[in-house]
Amino acid sequence: MNQSTGLPKYTIGSLEVNPGLVLSPMSGVTDSAFRRLIKRASGDDVGLLVTEFVSVEGLSHNDLRSWMRMESTEEERPLCIQIFGGEEEKMALAAAIAVDQGANALDVNCGCPSPRVVRKGGGADLHRDLPRLERILKAVKKAVGDLPMTVKMRSGWDEEQLNALEMSKVAVDCGAHGIAVHGRTRVQLYRGDADWEVVAQLADALPVPVLGSGDIAIPEDVPRRLSETGCAGVMIGRAAIGNPWIFRQIADVLRGGEPYAPDGNDMVGVVEEYYGFLEERLPRKALPGRLKQVIARLCKRIPGAESIRRDVLSPDTPEGIMEQFRHFMTDEKMAAAQFTLRSRDLR
């Protein structure tokens, strides 16, 4: 894959992201197992994988879950580790740990709207305190040295504080090599439509690559967004949960072809691999929930999804879930069917 000049690409520091199609960080989703699932489904048509955000508080207290979020395999390269927090000393420490863990890039989360993150001064709360953001980024930049540093943000805190441009200029002045912006405010959370005009504004004004994020649901969305905004690439999150082939499909469209349509056997294959990845790293009690999360999203885009989810997701054991999923997807009619997994219902 990735054999055409029609795909976007960009450079952050010494790292070329080719193509400029990036898996967005999602808490509770983009762990090593999920990132490997994306690579198995989309191959080299995903240019960069980003971890779940890593809590600097967790790292400073030797929390096992925080350390596990930094774990990766060679298959996941290039890999960007994302950190969040509100204190410059702890953020610098976390950044240094990310370097030691072999990160290919380091991202500072300035966009998470979660109350538990915002209350501690991290994520989107940094939209309200640019002087503190500046101190944090200078400390992080010093800790990572030449490692590419990027910043992910929102359009602002609310409609009265739409300060993504001001915030991004602070980031660039502190040494950020790239900016990703999600076109919603913190107050919006994930409601309403993402504003891609802010992406265009930043892409036009900044001397570093700008990525757009928000509401990319089908492959055909990407050529339009690239053309309208002039952004260097896109980040895709929720759509990838239910369609791990989406990066491959986007690349197909950008090359002028038809998007790849997986069949029932393809779906069973990637979920079986994902199950194996989960078994390597998680306790048995955690497996059913993670399997159901991905299978429910996959099935959501298949005709008859309601009955599928009822039968496939009813077992309580991972073996039972997989048995039902295999049984359904390898049915003669279903195995031969091809699914475009096209949907604008991201929730």
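The values are calculated or read from the model by the stated rules, or taken from the named source; none is laboratory data. Model, not experiment: these values are computed from the prediction. Every residue, glycine as well, gets a Cβ built from its backbone with ideal geometry; the counts of neighbours run over all protein chains shown.
Miscellaneous remarks
- Of the numbered criteria (1) under 26 Å from Leu189 (Cβ atoms); (2) in contact with a helix residue (DSSP H, G or I) (Cβ under 8 Å, 6 or more places away or on another chain); (3) surrounded by fewer than 24 Cβ atoms within 10 Å (Cβ to Cβ), the one Cys110 fails is (3).
- Qualifying residue in the stretch 245-252 (condition: among the charged types (D, E, K, R) and over 30 Å from Ala200 (Cα atoms)): no
- Options Ala217, Ala251; residue that is at pLDDT below 95 and closer than 17 Å to Leu23 by Cβ: Ala217
- Residue within the stretch 122-130 that is assigned by TED's automatic domain parsing to the domain that holds Gln82, crowded, with 20+ Cβ neighbours inside 10 Å and touching a Pro at 6+ places or on another chain (Cβ under 6 Å) present: yes
- Taken together, the residues in the stretch 139-160 that are under 26 Å from Gln101 (Cα atoms) and either touching a helix residue (DSSP H, G or I) at 6+ places or on another chain (Cβ under 8 Å) or aromatic (Phe, Trp, Tyr) (or both) amount to 10.
- When Ser168 is tested against the conditions (1) touching a residue at least 24 places away in the same chain (Cβ under 8 Å); (2) outside any helix (DSSP H, G or I), the lone failure is (2).
- Assessment of the stretch 303-321 against the conditions (under 29 Å from Ala180 (Cβ atoms), of a type in the set (Lys, Arg) and touching a residue at least 12 places away in the same chain (Cβ under 8 Å)) yields no matching residue.
- Among the residues listed as Asp215, Asp204, Asp193, the single one being in a loop (DSSP other than H, G, I, E, B), of a type in the set (D, E, K, R), assigned by TED's automatic domain parsing to the domain that holds Met153 and in contact (Cβ under 8 Å) with a residue 24 or more places away in the chain: Asp215
- Against the test of being outside any helix (DSSP H, G or I), more than 19 Å from Leu37 (Cβ to Cβ) and not assigned by TED's automatic domain parsing to the domain that holds Trp245, the options Asp316, Asp311 yield a single qualifying residue, Asp316.
- Test: residue in the stretch 126-134 that is under 16 Å from the mean Cα position of the chain (by Cα), touching a residue at least 24 places away in the same chain (Cβ under 8 Å) and over 30 Å from Asp44 (Cβ atoms): no
- When Ala139, Ala143, Ala96 are checked against the criterion of being within 17 Å of Gly58 (Cα to Cα) and out of contact with any Cys (no Cβ under 8 Å at 6 or more places or on another chain), a single residue qualifies: Ala96.
- Annotation: of all residues in the stretch 148-163 being within 20 Å of the chain's Cα centre (by Cα) and more than 13 Å from Leu211 (Cα to Cα), the one that is surrounded by the fewest Cβ atoms within 10 Å (Cβ to Cβ) is Pro148.
- Scanning the stretch 240-253 for residues that are surrounded by 21 or more Cβ atoms within 10 Å (Cβ to Cβ), out of contact with any strand residue (DSSP E or B) (no Cβ under 9 Å at 6 or more places or on another chain) and assigned to a helix (DSSP H, G or I) returns Ile241, Gly242, Arg248, Gln249.
- When Val172, Val208, Val234 are checked against the criterion of being under 19 Å from the mean Cα position of the chain (by Cα), of a type in the set (Val, Ile, Thr) and closer than 30 Å to Ala143 by Cα, Val234 stands alone in meeting it.
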